[in-house]
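Engineer: To start, I am sharing the structure in question, which I have written as structure tokens.
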Amino acid sequence: PDVASPVISGGLVYLAGEKGDLTCVDAASGEIKYRKRLFSDKHRSTPVAADGKIYIAGRKGTVFVIKAGPELEVLSENKLGEEITASPAVSSGRIFIRTHNALYAFGVQ
């Protein structure tokens, strides 16, 4: 990718392309497990791995939660309705999403 950094989870590398695609590659063999366009628009954020999931935020305000693994399984698609260019951050059981107007923290109380 030209902007986002790759993330590794469970021996798989996840690469987010600026044009909205997510690619999963086996770290040892280089074999592409899948490549799927998630966003219809460009995005700038780096995917984040936590708790067996991959979190990726799109520029128009959608955050996808993907099950980490060699097959694409979208667990949820969350629309915040605000522009996002920052990468998600994870700390103390919460995921933080910064939009252009706010900072959101999601997690179990």
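Engineer: Quick check: pseudo-label points 7 Å beyond the Cα along Cα→Cβ at VAL90 and ALA28, how many nm apart are they?
Structural biologist: The answer from the label model is 2.2 nm.
Engineer: I need the chymotrypsin sites (Phe, Trp or Tyr not before Pro) found in the stretch 37-83, filtered to DSSP loop residues with at most 12 other beta carbons within 10 Å of theirs.
Structural biologist: none
Engineer: Count the net charge of all other residues whose Cβ sits under 10 Å from the Cβ of ASN101, scoring Lys and Arg as +1 and Asp and Glu as -1.
Structural biologist: -1
Engineer: Still on this model: Roll a 1.4 Å probe over the protein chains and send me the accessible area per residue for the chain in Å².
Structural biologist: Roughly 56 Å² per residue, with all protein chains present.
Engineer: Using the Kirkwood radius over Cα pairs, work out the Stokes-Einstein diffusion coefficient for the chain at 25 °C and 0.890 mPa s, in µm²/s as a whole number.
Structural biologist: Roughly 177 µm²/s, to the nearest whole number.
Engineer: What part of the accessible area of the stretch 1-42, given as a whole %, is carbon or sulfur when the probe is 1.4 angstrom?
Structural biologist: The computed percentage sits at 49.
The values are calculated or read from the model by the stated rules, or taken from the named source; none is laboratory data. Small disclaimer: the values here were computed from a predicted structure and weren't measured. Positions of Cβ are backbone-derived with ideal geometry, glycine not excepted, and every protein chain shown enters the neighbour counts. Only protein heavy atoms, including side chains, enter the accessible area calculation; ligands, DNA and RNA are left aside. Shrake-Rupley method; radii C 1.70, N 1.55, O 1.52, S 1.80 Å.
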